[in-house]
Amino acid sequence: MSDCLFCRIVAGEIPAQVVKRSPTALAFRDINPQAPTHVLVIPTRHLSAVRDARGEDGERLLGGLLAFAAELATELGLDGRGYRLVTNTGAEAGQSVDHLHLHLLGGRKMTWPPG
């Protein structure tokens, strides 16, 4: 989508601090970090939110995205202390960019409930 911020980052039209890339996923540093490590993990193809990842293709995409995020967490040294993966769907949940994304947060103690 030409008007999607994250699609434009995938296309290289908008700069981002890329941490990891694969043919199907991209990870980059959040511009407003909420933890010492705060990386956004997105699919390289546009889906608005988790609700749009249904059926076998959606399951494959979500599974791949979670595996990519877990591999990245290991590479960033977060396994020992732990980390949090968060996805928001819709405005009331806090989704501010309509492109499916995971927040990988780590490097500090997380509290519960989160919001």
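Among the residues of the range 63-107, those identified as of a type outside the set (G, A, S), surrounded by fewer than 17 Cβ atoms within 10 Å (Cβ to Cβ) and in contact with a Lys or Arg (Cβ under 9 Å, 6 or more places away or on another chain) are E71, E75, R81, T89.
Scanning the range 22-50 for residues that are without any contact (Cβ under 8 Å) to a residue 12 or more places away in the chain and of a type outside the set (S, T, N, Q), we see that the one that is nearest to R84 (Cα to Cα) is P33.
Only residues that are of a type in the set (A, V, I, L, M) and either over 12 Å from H103 (Cα atoms) or touching a Lys or Arg at 6+ places or on another chain (Cβ under 8 Å) (or both): list them for the range 41-62, please. Explain how you work it out, then say what you get.
Step one: of the range 41-62, the residues of a type in the set (A, V, I, L, M) are 41-42, 47, 49-50, 53, 61-62.
If the condition is that a residue be of a type in the set (A, V, I, L, M) and either over 12 Å from H103 (Cα atoms) or touching a Lys or Arg at 6+ places or on another chain (Cβ under 8 Å) (or both), then L47, A49, V50, A53, L61, L62 are the ones that fit.
Please go through the range 10-30 and pick out each residue that is over 18 Å from A69 (Cα atoms) and either part of a strand (DSSP E or B) or not acidic (D, E) (or both). Passing the criteria: A11, G12, I14, P15. When the range 41-69 is filtered for residues that are within 19 Å of N88 (Cβ to Cβ) and assigned to a helix (DSSP H, G or I), the ones remaining, listed by number, are V50, R51, D52, G58, L61, L62, L65, L66, F68, A69. Pairing residues of the range 75-93 that are over 18 Å from D30 (Cα atoms) with residues that are in a loop (DSSP other than H, G, I, E, B), at Cβ distances under 8 Å and at least 6 apart in sequence or on separate chains, gives R81/G107; G82/M110; G90/A49.
Read-outs: derived from the displayed coordinates by stated rules, not from any lab. This structure is a prediction, so every number in the text was calculated from the model and none was measured. All Cβ positions, glycine included, derive from the backbone under ideal geometry; neighbour counts span all protein chains shown.
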